[in-house]
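Reading through the structure tokens given below for one structure.
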Amino acid sequence: MPSTLLKNFIHGRYVDNTDNTRFDVINPSTGQVIYAVESACENVLEQAVRSAQEGFKIWSKTPAIERARILHRAANILRERNDELAKIEVIDTGKPWQEAVEVDVQTGADAIEYFGNLCPSMMGEQQSVGNDFFYTRHEPLGVCLGIGAWNYPLQIACWKAAAALAAGNSMIFKPSEETPRGASLLAEVFIQAGVPEGVFNVIQGDGKVGNYLVEHPAIAKVSLTGEVGTGKKVMAAAAGTLKKVTMELGGKSPLIVFEDADIDEAVTAAMLANFYTQGEVCTNGTRVFVHQDCYDTFMERLLIRTRDNVIVGDPLNPATNLGALISENHMQTVLGYIESGKNDGATLAFGGERIKPDGCENGYFVGPTIFTHCTDDMRIIREEIFGPVMSVMTFETEEEVIQRANDTIYGLAAGIFCTDIRRAHRVIAQLEAGICWINAYGNSPVEMPVGGYKQSGIGRENGIEGLKSYTQTKSIYVGMDKLEGPF
Ligand code: TXE
């Protein structure tokens, strides 16, 4: 495949579109076009559906142990190609090499291995009812649609494909138009590992291309990772054919630091939850509530470590730990939020500027930014910024901070730092969030189901629950006595 033009991947090969629509992909750290992509036209989309239906017929009848074997091979190939694939993620997303080389490919491979392990464990139940009995079958759904966001392109494709394929489905995957390559490379790896043609197709394009398949009657389920607004559009479009949906959406999550917390760990968590992947992580703890009794110590250490330890630069430089935002538009959005924080009266305690690192002067970098003296009504407190912008507030009582933490339409994640174990479990049980951490932040092992409360999502990815979301249960009742009736 020439590196300058990426096409749609259908039935084991790259295919031409018939309307010549294309779009460019830009390296966020340089602002340069790196390759062009052919958008999927209607012909290509219908080809993808027919191919996925063919693939489903074969794959759903492939013994689970064989599906497991093939998925394990795919996981091993991903691990062998870790560095090559990580570099592609860095160039497409602008995220630091030091993250991608450790996280993006490995967490994708882990998911494929984990769901491969679960394959043969998928069993039905049986129960006697008098002389009769019933049993259940957990059957695949058919052709599923995965739609990815741009912050973890390969990982998101792996997380959706792993569960879908393990359950015996086929999947058509549309990556974000910002970061198309990772999913295509996964499709190549699956073919190399022995996944039959059509079981995992990759189509390219924007929301319109995605919407075509969301509305398509042959698609049984949609799994979206994206913004809340997109989730509402996709769910509405899916309603036309009553598709199953899994929605992994945005958040504005609280990170609560109690007065008995280990302050150094709490500072580490706050920096991870706001500056890792330059803040482009859905579960980020962007509302940092610090108890008034430890606020001064927390802020002193946070500012010193932000000044001394955050290195903004060329994402390919192993020393860089804060990379470029995904696009010029998104950089302007983040800078706009910073302006709104200042206009609303928050104190800009650190950063707030566009950065032009040596050699990356045309890249889309915003430095680590910290607001203090924020109030709950400010836009930077109510809306997802999806950039390296931390908003810090103080609180006095447990009841107060729980009420304020829950005062949001979102409910994706939450973190607590304290040493009083009773308080930790008492408070976390009252927080309206689906992914929670106590004295930790951001870890998301594939064994753990993840997903949001309230408007942050529907359903769960990963864990056994993630596998079940790609099956449907059939109950079969067997009459063992002569059937009688009143008619
Ligand atoms: O999302 P967008 P982005 C969230 C994160 C942030 C967002 C950033 O919180 O809100 O994702 O990613 C396609 N019909 N999460 O900007 O714009 C679009 O082409 C069908 C949460 O990419 O919503 C892209 O492929 N498809 C997550 C995808 O939707 C449509 C973790 C997402 O685009 C469409 C990571 C339409 N009408 C990021 N409109 C979690 N909770 O785990 C757009 N798309």
Worksheet, complete the sentence: Where a ≥ b ≥ c are root eigenvalues of the Cα gyration tensor, a/c under 1.5 meaning rounded, otherwise prolate if a/b exceeds b/c and oblate otherwise, segment 372-450 counts as oblate
Response to the item:
Check: in segment 80-217 the Lys pairs 8 or more apart or on separate chains whose Cα atoms fall under 21 Å apart number 6
Fill in: Heavy-atom surface of the chain, accessible at 1.4 Å and reported per residue (Å²)
41 Å²
Worksheet item: What number, in percent, do you get for the relative contact order of the chain if the mean sequence gap of Cα pairs under 8 Å and at least 6 apart is divided by its residue count?
Response: 18 percent
Worksheet entry | Helix-only CD estimate at 222 nm, as mean residue ellipticity for the chain, using -39500 (n - 2.57) per DSSP H run (n ≥ 4) | -11500 deg cm²/dmol
Fill in: 0 to 90° range, to nearest 10: angle between helix 328-343 axis and the chain longest Cα axis
50 degrees
Worksheet item: Rounded to two decimals, what ratio of Rg to Rh does segment 78-117 give with C-alpha atoms and a Kirkwood Rh?
Response: 1.02
Worksheet item: Over segment 388-453, what is the mean sequence separation of C-alpha contacts under 8 Å (at least six apart), divided by residue count, expressed as relative contact order in percent?
Response: 34 percent
Item to complete: For segment 63-170, go through all pairs of different Cα atoms, get the mean of 1/r, take its inverse, and jot down that Kirkwood value in Å.
Response: 15.4 Å
Discussion item. When only alpha-carbon atoms are used, what values of Rg and Dmax, in angstrom, describe segment 169-275?
Written reply: 18.8, 57
Worksheet item: To one decimal place, what orientation-averaged projected area in nm² is obtained for the convex hull of the Cα set of segment 337-480?
Response: 14.3 nm²
Item to complete: Determine the relative contact order of segment 280-356: mean sequence separation of Cα pairs under 8 Å and six or more apart, normalised by residue count, in whole percent.
Response: 17 percent
Worksheet item: According to the Kirkwood expression over distinct Cα-Cα pairs, how big is the hydrodynamic radius of segment 31-107, in Å?
Response: 15.6 Å
Fill in: Among 375-381, 364-370, the order from most to least packed when residues are scored by Cβ within 10 Å on average
364-370, 375-381
Worksheet item: For the chain, what is Rg from Cα atoms divided by 2.2 N^0.38 Å, rounded to two decimals?
Response: 1.03
Worksheet item: For the peptides 209-217, 286-294, 176-184, what is the packing order when you average, over each peptide's residues, the other Cβ atoms within 10 Å and list the highest mean first?
Response: 176-184, 286-294, 209-217
Practice prompt. Put one equal scatterer on each alpha carbon of segment 213-292, apply the Debye formula with no solvent term, and list log10 I(q)/I(0) at q = 0.25, 0.27 1/Å to two decimals.
Written response: -1.06, -1.16
Worksheet item: Per-residue HN-Hα couplings for segment 460-466, Karplus 6.51 cos²θ - 1.76 cosθ + 1.60 at θ = phi - 60°, whole Hz, x for Gly and Pro?
Response: 9, 10, 6, x, 4, 4, x
Item to complete: Have a look at Pro196, Pro153, Met171 and report the one farthest towards the positive end of the charge dipole of segment 122-222, computed about the Cα centre with Cβ charges (Lys/Arg +1, Asp/Glu -1).
Response: Pro153
Discussion item. Between segment 186-212 and segment 20-49, how far is it from one alpha carbon centroid to the other, in angstrom?
Written reply: 14 Å
Fill in: Percent antiparallel among DSSP beta bridges (both partners in the chain, rounded to 5)
45 percent
Worksheet, complete the sentence: Excluding ligands, DNA and RNA, the carbon-plus-sulfur percentage of the accessible area of the chain with a 1.4 Å probe reads 51 percent
Worksheet item: Mind ordering 13-24, 138-149, 430-441 by average Cβ neighbours within 10 Å, highest first?
Response: 138-149, 430-441, 13-24
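The values are calculated or read from the model by the stated rules, or taken from the named source; none is laboratory data. This one's a predicted model, so the numbers in the text were calculated from it and none came from an experiment. Cβ coordinates were reconstructed from backbone atoms using ideal geometry, including for glycine residues, and neighbour counts include every protein chain displayed. With ligands, DNA and RNA removed, areas are computed over all heavy atoms of the protein, side chains included. Shrake-Rupley method; radii C 1.70, N 1.55, O 1.52, S 1.80 Å.
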